[in-house]
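Below is one structure; the comments refer to it alone.
The values are calculated or read from the model by the stated rules, or taken from the named source; none is laboratory data. Just so we're clear, the structure is a prediction, and the values are computed from it rather than from any experiment. Reconstructed Cβ throughout: ideal geometry from the backbone, glycine too, with neighbour counts over all protein chains shown.
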């Protein structure tokens, strides 16, 4: 009777789709449903793996077991109880995704069933996690699982700093273990071309090489290129055999590699090697291809033809971001093209290029993927949008009937600091801690239920301007990529930060044992202390008049920001820092509503040199009792100095006066007037 009750309880838990505490600790990303029973399976030297399938299926099955230290032997006999039996089936109850699987661990051994090779691979990964945590002992369990999204990706920038094929393969090992299925390689950019193209040898003879070991040295220098034979040459590229090797390695790990070939911009390296493809034909002077030149399309189509021969991916990423389009406005060929095609502006000229490239890719059975700027001037009919400038690009794509992949910088840019900037290696800026990555929901609330399937999934991007070494790149990836794996795989109602927090503290030491250089999350400092401490002061909730408008790109809490009592964290992306971009000036007046005796007025500013965020060069604080006649309380001069660190400075007045109105002005240094000021709160006491 006791056994029957236990069996019934296990069945109820499975049908309810709930996971016990033991399961939550053991498997990442969390599965759809699981239930534990009494007893355990012992994975030992006598355990055998059995599977019926063709040679290719067998290759993927064997790959699934390569990342465990537990003993693995294979045989055809699947009748033994000390066996791990794998089976491809036509259906699993409750599963609709082709990547779904089930795991049964009981007295009859282990059975993993799946709808595809990928499902079997993922079922094995879940089993391995259970077994490794139990040192070969796996408690009896039933798991039914499938991913939330079909697209679960990581982008590695191999242009700014080249990464070897061995490094890429090492990341595939770990990413596939946590059920990522897309690896997007940013193969081309101004900093270097990274793929051999037979028809254009200068791309790898010249455009793949530069002087200076780091991107930062190159960027702050002449930003030139050098011959591969130059003794000082730094860089590299993948041969076609390298690409084939990586693609096959990824396939066996159920990962698709998506290549990115940038166009129409970020192409200084191409236009130095082949300057006739730019509007001015001057080497090193242009970043945008000449869209009016038919040779541009000949080049791009030839390159993509060779790329498609190497990459079987459905998607070919064409970039499409941050084109200046400046030269197009005066280029005779571009203007001629616009007139002939009836294009009203340069945005539509870019759209013309994107449409043409999409037609070309579609004719070859491929689909175009691009950053959200490809929406400008009209989106190509079958294109998929990768939304990085927030979520709006993805929302716009979905509402127009297009697929989207969410990769907003606020949650998915892993080149941001993951802890207090002063404690971390130099980064481009930002602040993206592990918990914030985990909190992301890639489906915006504004997307109606009938359109949510247009969101294909989520991707993290790791841009490498400030990441010169392999060890540093892994440090920025992990453990944040593992947090994103649960965002991409696990249903929102199943996620638990407390559970993940407990699991990741156990996972990190395992990753280090396997040779990965991870951030030690157990030693996290956390956000700026001011962030967690709302401040009470005399101006709290009081009206602010903006004599100069704040920057709508970073509106924080709008007009309430400067008196809402909320202090900012390590970066302006936390929506607590209000931006001022109008000649880098700020001029506001706070109404205290009545004449009040005040003793101090202060505000914090930040400086992050990379993204042009600067301190003010002068701050003037004034007061008034009537709102017309102001008395200057202080004028603070400050010399803005170049500094690669993230820094903060308080500009304040202390004394005693009666005031109803407080005017706070911050001016820019003439050398940096095009930068941005950020301030979080004006505190009056």
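Out of 645, 670, report the one residue that is closer than 30 Å to residue 217 by Cβ, more than 31 Å from the chain's Cα centre (by Cα) and at pLDDT below 95.
Selected residue: 670, the only one of 645, 670 that is closer than 30 Å to residue 217 by Cβ, more than 31 Å from the chain's Cα centre (by Cα) and at pLDDT below 95.
Of the residues 336, 285, which is part of a loop (DSSP other than H, G, I, E, B) and farther than 23 Å from residue 384 by Cβ?
Result of the check over 336, 285: 285.
Quick one: would you say residue 466 is assigned to a loop (DSSP other than H, G, I, E, B), modelled with pLDDT of 95 or more and either within 19 Å of the chain's Cα centre (by Cα) or buried (at least 23 other Cβ atoms within 10 Å of the Cβ) (or both)?
Yes: the conditions hold for residue 466.
Pull up region 24-48, narrow it to residues that are more than 37 Å from the chain's Cα centre (by Cα) and assigned to a strand (DSSP E or B), then point me to the one that is nearest to residue 491 (Cα to Cα).
Filtering region 24-48 for residues that are more than 37 Å from the chain's Cα centre (by Cα) and assigned to a strand (DSSP E or B), the one nearest to residue 491 (Cα to Cα) comes out as 37.
Mind checking which pairs have a first residue in region 121-136 that is in the same structural domain as residue 56 (by TED's automatic domain parsing) and a second that is crowded, with 21+ Cβ neighbours inside 10 Å and in a loop (DSSP other than H, G, I, E, B), Cβ under 6 Å, 6 or more apart or different chains?
From residues that are in the same structural domain as residue 56 (by TED's automatic domain parsing), the pairs are 121/254; 122/179; 126/27; 129/27; 131/43; 136/43.
Looking at region 536-565, which of its residues are out of contact with any strand residue (DSSP E or B) (no Cβ under 6 Å at 6 or more places or on another chain) and part of a loop (DSSP other than H, G, I, E, B)?
Of everything in region 536-565, those that are out of contact with any strand residue (DSSP E or B) (no Cβ under 6 Å at 6 or more places or on another chain) and part of a loop (DSSP other than H, G, I, E, B) turn out to be 536, 540, 541, 549, 552, 553, 555, 557, 564, 565.
So that you can scan it fast, the table gives a plain yes or no per residue for (1) closer than 30 Å to residue 484 by Cα; (2) buried (at least 22 other Cβ atoms within 10 Å of the Cβ); (3) not assigned by TED's automatic domain parsing to the domain that holds residue 370:
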residue	(1), (2), (3)
210	no, yes, no
214	yes, no, no
226	no, no, no
242	yes, no, no
246	yes, yes, no
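Residue 168 passes all but one of (1) within 24 Å of residue 269 (Cα to Cα); (2) assigned to a helix (DSSP H, G or I); (3) over 19 Å from the mean Cα position of the chain (by Cα); which number fails?
Residue 168 satisfies every listed condition except (3).
From the set of residues in region 540-560 that are exposed (fewer than 13 other Cβ atoms within 10 Å of the Cβ) and within 25 Å of the chain's Cα centre (by Cα), which is modelled with the highest pLDDT?
Among those residues, the one meeting the criterion is 552.
So how many residues does region 97-110 have that are part of a strand (DSSP E or B) and without any contact (Cβ under 8 Å) to a residue 60 or more places away in the chain?
Result for region 97-110: 4.
Since residue 66 meets every condition but one in (1) modelled with pLDDT of 95 or more; (2) assigned to a loop (DSSP other than H, G, I, E, B), which condition does it not meet?
(1)
Does region 300-310 hold any residues that are in contact with a helix residue (DSSP H, G or I) (Cβ under 7 Å, 6 or more places away or on another chain) and surrounded by fewer than 21 Cβ atoms within 10 Å (Cβ to Cβ), and which are they?
Hits for region 300-310 are 301, 310.
For the structure I just gave you, tell me whether residue 486 is within 23 Å of residue 387 (Cβ to Cβ), touching a helix residue (DSSP H, G or I) at 6+ places or on another chain (Cβ under 7 Å) and modelled with pLDDT of 95 or more.
Yes; evaluated as a whole, the condition is true for this residue.
Out of all the residues in region 265-295, which are at negative phi and free of Cβ contacts under 8 Å to residues at least 40 places away in the same chain?
Result: 271, 275, 276, 277, 282, 283, 285, 294, 295.
Can you name the residue in region 524-535 that is assigned to a loop (DSSP other than H, G, I, E, B) and in contact with a strand residue (DSSP E or B) (Cβ under 9 Å, 6 or more places away or on another chain) and, of all such residues, is surrounded by the fewest Cβ atoms within 10 Å (Cβ to Cβ)?
Here the answer is 535.
Looking at residue 113, is it modelled with pLDDT of 90 or more, over 30 Å from residue 479 (Cβ atoms) and part of a loop (DSSP other than H, G, I, E, B)?
No: the conditions fail for residue 113.
For region 612-630, give me the residue count where each residue is more than 15 Å from residue 590 (Cβ to Cβ) and surrounded by fewer than 20 Cβ atoms within 10 Å (Cβ to Cβ).
5
Return the residues of region 73-96 that are at pLDDT 90 or above, in contact with a strand residue (DSSP E or B) (Cβ under 6 Å, 6 or more places away or on another chain) and in a loop (DSSP other than H, G, I, E, B); say none if nothing qualifies.
Of everything in region 73-96, those that are at pLDDT 90 or above, in contact with a strand residue (DSSP E or B) (Cβ under 6 Å, 6 or more places away or on another chain) and in a loop (DSSP other than H, G, I, E, B) turn out to be 73, 89, 92, 94.
Please count how many residues of region 567-600 are under 27 Å from residue 645 (Cβ atoms), crowded, with 22+ Cβ neighbours inside 10 Å and over 23 Å from the mean Cα position of the chain (by Cα).
So the count comes out to 4.
Give region 306-333 a look and list any residue that's touching a residue at least 24 places away in the same chain (Cβ under 8 Å), under 19 Å from residue 199 (Cα atoms) and part of a helix (DSSP H, G or I), or say none.
Scanning region 306-333 gives 306, 307, 308, 310.
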